[in-house]
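First up is the structure itself, then whatever we jot down about it.
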Amino acid sequence: MVVGAFPMAKLLYLGIRQVSKPLANRIKEAARRSEFFKTYICLPPAQLYHWAEMRAKMRLMGFRAEAVKPLNEDAAAELGAELLGEATVFLVAGGCLVLEYWRHQAHQRRKRSERQTAWEAMRDEVGHLALALEALQEQVRAAPAQSALEELQAQMREVRARLCARDPPSAPRATPEE
């Protein structure tokens, strides 16, 4: 039985299984003591089980079992109590399996939902990034080309060079003293 990361749940399931055996024994004891329980709950399944078992055995041995002699009341009550006890253990174990299956399915649904949410968030993020990329591409298209920028820088250097050539730095003039 896979319980996952919850050791308390595993202990709970173990406890339920351990409790089911004594519960089955108590039910068997009650079946032996109570006349109503013995007559209406234990005897019919025990006689049916005996009838099916004897017919199967006879057919396997090659005989034709037309009529099967029923068990006496004490043997049928004992067999019925055993069947009831085994059915109790089986039902408790089956219930634990069903509960574990439901828990596992809920976990799978939760994981699937989380994956779907993450996928949608990533898809939204990709959409936002695509819009940002388009905006940046528009800005790059609108900006002057790199060659035009270099051309402007070259023109500015020429203008500076001409200005520097026309106005040589003047030497400090001496002022006549009076």
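For this structure, a couple of remarks:
- Normalising the average separation of contacting C-alpha pairs (under 8 angstrom, six or more residues apart) by the number of residues puts the relative contact order of the range 31-159 at 22 percent.
- Farthest towards the positive end of the charge dipole of the range 59-116, among the residues Leu97, Ala77, Ala87, is the Cα of Leu97, using unit charges on the Cβ of Lys, Arg, Asp and Glu.
- A simple rule links phi to the HN-Hα coupling: the Karplus curve 6.51 cos²θ - 1.76 cosθ + 1.60 with θ = phi - 60°, which for the range 19-32 gives 6, 5, 5, x, 4, 4, 5, 5, 5, 4, 5, 5, 5, 6 Hz, with x for Gly and Pro.
- Once the Cα-Cα distance is subtracted from the 0.36 nm per residue extended length, the Lys57 to Leu23 segment shows a gain of 9.1 nm.
- Filter on Lys10/Lys111; Lys38/Lys69; Lys21/Lys111 - keep pairs with C-alpha separation over 29 Å: Lys21/Lys111
- Converting phi to 3J(HN,Hα) with the Karplus coefficients 6.51, -1.76 and 1.60 and the offset θ = phi - 60°, the range 47-52 yields 5, 5, 4, 4, 4, 5 Hz in sequence order, with x at every glycine or proline.
Coordinate-derived values only; no laboratory data. Values in this document were obtained by computation on a predicted structure and should not be read as measured data. Please note: Cβ atoms are built from the backbone with ideal geometry, for glycine as well, and neighbour counts cover all protein chains shown.
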